């Protein structure tokens, strides 16, 4: 069994993927969606990192055309890395928000503009169709028109499956009236549990939809890299498993249900190996109870 398969598998439509995947946002060398300064990763190093992920069994990558910096595009790096792995890796991208070539954010795409965003992803990834396209709502009250436009692209063969990102439970119900939803991607972590409060995580499990947390490791720091861990509970559990606190965070999310898919991102080969290995960790009921308790402040 390869390392990424240790946590089990889930199906996105007919495509079976290992539950530990990879998020490509940091491949640009910057923070969230390229907004913060950073050193761009060397192209060859990025390709080697992705090849290492594939060799460890990662067969589910999350990306977007708007993941780019002045010198790097996550999609183009993925395209280069997939030259010999193209049929073995499921690529999930997202549309809705957009950026101009200088990196400035544009207004949310109108429904009729989504085809152009899908086609841009196709060009960058070097594909004739996209495996999964998530509609990122970013505060829309209704997603019906936008999701309907993507459903038309699915019927036309440009997209195999559809998902949602940054949504509320009512959006899932609205979308499923139009076309099948294979995944929902929202912020979720030990420190950020709004998807539990809204019932979204359980809703996805009940309906056979993958729930894909982002920011699972960085927690409240969101797009920033995780800070040195201060949570005593995490250190306690990590010591018991000979693991890092970040690995325990990932293991905690994976224990939330068999429909959870992890997509931690990194440009560090050692951290990549640690992230993949986190899928093999098995937390006890007592450890999960400890982690679920609020951390006690120091006196």
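The values are calculated or read from the model by the stated rules, or taken from the named source; none is laboratory data. What you are looking at is a predicted structure, and each value in this text was computed from that prediction instead of being measured. Cβ atoms come from the backbone with ideal geometry, glycine included; neighbour counts cover every protein chain shown.
Okay, here's what the table says:
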quantity: Positions within region 168-188 being under 21 Å from residue 17 (Cβ atoms) and part of a loop (DSSP other than H, G, I, E, B), in sequence order; calculated: 179, 180, 181, 182, 188
quantity: Subset of region 182-208 that is closer than 17 Å to residue 60 by Cβ and in contact with a strand residue (DSSP E or B) (Cβ under 6 Å, 6 or more places away or on another chain) - its residue that is surrounded by the most Cβ atoms within 10 Å (Cβ to Cβ); calculated: 184
quantity: Residue, surrounded by the most Cβ atoms within 10 Å (Cβ to Cβ), within region 129-159, restricted to residues that are in contact with a helix residue (DSSP H, G or I) (Cβ under 7 Å, 6 or more places away or on another chain) and within 24 Å of residue 83 (Cα to Cα); calculated: 133
quantity: Qualifying residue in region 92-106 (condition: touching a residue at least 24 places away in the same chain (Cβ under 8 Å), surrounded by 13 or more Cβ atoms within 10 Å (Cβ to Cβ), within 21 Å of residue 163 (Cβ to Cβ) and in contact with a helix residue (DSSP H, G or I) (Cβ under 6 Å, 6 or more places away or on another chain)); calculated: yes
quantity: Looking only at region 157-167, and only at residues there that are in a loop (DSSP other than H, G, I, E, B) and touching a strand residue (DSSP E or B) at 6+ places or on another chain (Cβ under 8 Å), the one that is farthest from residue 90 (Cα to Cα); calculated: 167
quantity: The one condition in (1) outside any loop (DSSP other than H, G, I, E, B); (2) at pLDDT below 95; (3) over 18 Å from the mean Cα position of the chain (by Cα) that residue 195 fails to fulfil; calculated: (3)
quantity: Selection within region 66-81 - free of Cβ contacts under 8 Å to residues at least 40 places away in the same chain and within 17 Å of residue 22 (Cβ to Cβ); calculated: 80, 81
quantity: Positions within region 18-51 being modelled with pLDDT of 95 or more and over 21 Å from residue 126 (Cβ atoms), in sequence order; calculated: 18, 19, 20
quantity: Number of positions in region 229-261 that are out of contact with any helix residue (DSSP H, G or I) (no Cβ under 9 Å at 6 or more places or on another chain), part of a helix (DSSP H, G or I) and surrounded by fewer than 18 Cβ atoms within 10 Å (Cβ to Cβ); calculated: 2
